[in-house]
Amino acid sequence: MEKTFLMVKPDGVQRNVIGEIVSRFEKKGFQLVGAKLMNIPTELAEEHYGEHKERPFFGELVGFITSSPVFAMVWQGENVIATARQMMGSTNPKDAVAGTIRGDFGLTVGKNIIHGSDSPESAVREIGLFFKEEELVEYNKLM
Ligand code: CMP
């Protein structure tokens with residue numbers, strides 16, 4: 001089953017939209033298989049965002065994501081990586097259409113509410129950075 005890493009960023013946590021965001025993915029039909037509220041250590045933030053190391057906003061990005069707790073999650077389901085990205089909307093909330101998470105709750109690219117893996121390779125990498133295998137659950141089919 002395909003899995004992805006999603007994270008409500010500090011702005012989303014402080015705006016009290018964790019529940020709303022979890023609800024959207026639940027209602028879509030995806031399954032939550034891991035979740036934790038955590039402060040991200042600087043080294044983990046730098047590794048997670050390693051591909052942006054040379055960007056002028058890297059310091060700001062790492063500073064923001066480590067500034068206050070995030071809600072890290074692993075979700076599973078059919079095409080969850082691409083579908084979650086659609087549900088999140090464009091990276092810059094000003095381009096994100098209404099009905100998407102960033103379109104509904106975000107205002108600026110730096111504080112864009114949520115992060116989601118952009119490919120199967122990123123999903124495996126990011127899940128491995130944030131979760132130990134034993135922190136993820138498996139479901140027995142009830143319905
Ligand atoms: P995310 O999906 O977490 O992946 C990288 C992040 O970099 C992105 O969301 C944005 O929040 C952030 N980002 C992209 N462009 C800029 C920018 N110009 N200034 C600040 N942050 C940015």
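No value in this document is a laboratory result; all are computed from the given coordinates. All values reported here derive from a predicted model rather than from experimental measurement. Note that we place each Cβ from the backbone using ideal geometry, even for glycine, and neighbour counts take in every protein chain shown.
Quick notes
- Peptides 16-22, 51-57 ranked from most to least packed by the mean count of surrounding Cβ atoms within 10 Å: 16-22, 51-57.
- Gap separating the Cα centres of the stretch 3-35 and the stretch 78-143, nearest whole Å: 8
- Expressed as a fraction of 2.2 N^0.38 Å, the C-alpha radius of gyration for the stretch 82-133 is 1.23.
- Highest to lowest packing among 40-47, 98-105, scored as the average C-beta count within 10 Å: 98-105, 40-47
- Additional length obtainable on full extension of the chain from ASN92 to LYS111, 0.36 nm per residue less Cα span: 5.9 nm
- Alpha carbon convex hull of the stretch 1-79, projected area averaged over orientations, nm²: 5.7
- Charges were assigned to the Cβ only: +1 to each Lys and Arg, -1 to each Asp and Glu. The resulting dipole of the stretch 20-143 about its Cα centre is roughly 460 debye.
- For the chain, the fraction of C-alpha pairs farther apart than 21 angstrom is 40 percent.
- Loop-located GluC sites (Glu not before Pro) in the stretch 76-143 whose Cβ has at most 14 other Cβ within 10 Å (DSSP): GLU78, GLU138
- Pairs of Lys in the chain closer than 15 Å at Cα, counting only those 8 or more apart or on different chains: 6
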